[in-house]
Amino acid sequence: MPSPRLEQITPDNVLAACAIAIRPDQEGLVAPVARSLAEAYAQPAVAWPRLIVDDGGPVGFLMAFLDVQWRPDDPADVRSGLWRLNITADQQGRGYGRFAVAAVADELRRRGTDRLFVTWAPGPHGPERFYHRLGFRLTGETSGDQVVGVLAL
Ligand SMILES: CC(C)(COP(=O)(O)OP(=O)(O)OC[C@H]1O[C@@H](n2cnc3c(N)ncnc32)[C@H](O)[C@@H]1OP(=O)(O)O)[C@@H](O)C(=O)NCCC(=O)NCCS
């Protein structure tokens, strides 16, 4: 039974985080971790990046976004959610993705947020069935070429 945990990104684990690699056929579904960390550096108040670690070492990476004004014309529409999720190719299907979503949900609840948003690329090879399985529903919106999902917390 895995007992995963989250670690902050530190000088000791940053290269292990950058080495997290999804399957080659999944490239394009999520940014590489190094790019996510560059974005986190540029937006430290918004980004909440964490390494997902199990007893055997790193198994994935997640990055939440916190309190983002979603549309430029609506200051009241402030959202938080899951920005990036990369589970290492040979560790997929073992519950780490579910753990990651639950961990972000816990963090958002702690911050007083009642909805967890995520966007994903639609299509049979994307993470759509994963998010539906975890209870996300489509909002009917799109963000670029991605659909928007939400989970009530
Ligand atoms: C999508 C991703 C995060 C899922 O992580 P994971 O660790 O493999 O998923 P889990 O093992 O936690 O699965 C949780 C549940 O979703 C289901 N599930 C996961 N992927 C699925 C898929 N492609 N199709 C159908 N069901 C799926 C599992 O069967 C499991 O259901 P269960 O608990 O009832 O058995 C992972 O495959 C990944 O990193 N993919 C590439 C990058 C990506 O698409 N990231 C998301 C960007 S928005």
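The values are calculated or read from the model by the stated rules, or taken from the named source; none is laboratory data. The structure displayed is predicted, hence computed values, not measured ones. Positions of Cβ are generated from backbone atoms using ideal geometry, with glycine treated the same way; all protein chains shown enter the neighbour counts. Calculation scope for accessible area: heavy atoms of the full protein, side chains included, ligands and nucleic acids excluded. Shrake-Rupley method; radii C 1.70, N 1.55, O 1.52, S 1.80 Å.
Just one of PRO11, PRO75 is away from the ligand (no atom under 16 Å from the Cβ) and in a loop (DSSP other than H, G, I, E, B); which is it? Don't jump to the end; show me each part of the working.
Values: PRO75 fails: in a loop (DSSP other than H, G, I, E, B).
Every option except PRO11 fails the conditions.
Just one of ALA121, ALA42, ALA64, ALA105 is among the small types (Gly, Ala, Ser), touching a residue at least 60 places away in the same chain (Cβ under 8 Å) and at negative phi; which is it? Spell out the reasoning first.
Numbers: ALA42 fails: touching a residue at least 60 places away in the same chain (Cβ under 8 Å); ALA64 fails: touching a residue at least 60 places away in the same chain (Cβ under 8 Å); ALA105 fails: touching a residue at least 60 places away in the same chain (Cβ under 8 Å).
It is ALA121.
Quick check, is ALA34 open to solvent by 40 Å² or more (accessible area, probe 1.4 Å), out of contact with any helix residue (DSSP H, G or I) (no Cβ under 6 Å at 6 or more places or on another chain) and over 16 Å from THR119 (Cα atoms)? Before you say what the answer is, go through the steps one by one.
Details: open to solvent by 40 Å² or more (accessible area, probe 1.4 Å): yes; out of contact with any helix residue (DSSP H, G or I) (no Cβ under 6 Å at 6 or more places or on another chain): no; over 16 Å from THR119 (Cα atoms): yes.
Considered against the rule, which asks whether it is open to solvent by 40 Å² or more (accessible area, probe 1.4 Å), out of contact with any helix residue (DSSP H, G or I) (no Cβ under 6 Å at 6 or more places or on another chain) and over 16 Å from THR119 (Cα atoms), ALA34 comes out as no.
Just to be sure, is HIS125 modelled with pLDDT under 95 and near the ligand (Cβ under 10 Å from one of its atoms)?
Details: modelled with pLDDT under 95: yes; near the ligand (Cβ under 10 Å from one of its atoms): yes.
Against the criterion (modelled with pLDDT under 95 and near the ligand (Cβ under 10 Å from one of its atoms)), HIS125 qualifies.
Inspect the stretch 47-63 for any residue being over 27 Å from ASP12 (Cβ atoms), touching a helix residue (DSSP H, G or I) at 6+ places or on another chain (Cβ under 6 Å) and open to solvent by less than 30 Å² (accessible area, probe 1.4 Å) and give the result as yes or no. Show your work before the answer.
Initially, the stretch 47-63 is screened for residues over 27 Å from ASP12 (Cβ atoms), giving none.
No - not one qualifying residue is present in the stretch 47-63.
Tally time: how many residues in the stretch 1-28 are closer than 19 Å to GLY93 by Cα, open to solvent by 90 Å² or more (accessible area, probe 1.4 Å) and touching a strand residue (DSSP E or B) at 6+ places or on another chain (Cβ under 9 Å)?
Going through the stretch 1-28 one residue at a time, the tally reaches 1.
Within 22 Å of THR10 (Cα to Cα), of a type in the set (S, T, N, Q) and within 14 Å of the ligand (Cβ to nearest atom): is that true of THR119 in this structure?
Values: within 22 Å of THR10 (Cα to Cα): no; of a type in the set (S, T, N, Q): yes; within 14 Å of the ligand (Cβ to nearest atom): yes.
Criteria not met by THR119.
Considering every residue within the stretch 36-55, establish whether at least one is modelled with pLDDT of 95 or more, of a type in the set (Lys, Arg) and touching a strand residue (DSSP E or B) at 6+ places or on another chain (Cβ under 8 Å). So that I can check it myself, show each step before the final result.
Taking the stretch 36-55 first, the residues modelled with pLDDT of 95 or more are 36-54.
If we keep only those that are of a type in the set (Lys, Arg) too, we end up with 50.
Narrowing further to those that are touching a strand residue (DSSP E or B) at 6+ places or on another chain (Cβ under 8 Å): 50.
The answer is yes, given that some residue of the stretch 36-55 is modelled with pLDDT of 95 or more, of a type in the set (Lys, Arg) and touching a strand residue (DSSP E or B) at 6+ places or on another chain (Cβ under 8 Å).
Please return the ranges of strands (runs of 3 or more DSSP E) entirely within the stretch 81-153 where 3 or more residues are surrounded by fewer than 21 Cβ atoms within 10 Å (Cβ to Cβ) and among the aliphatic types (A, V, I, L, M). Write out each step before concluding.
Details: elements: 115-120, 137-143, 146-152.
Hits in the stretch 81-153: 146-152.
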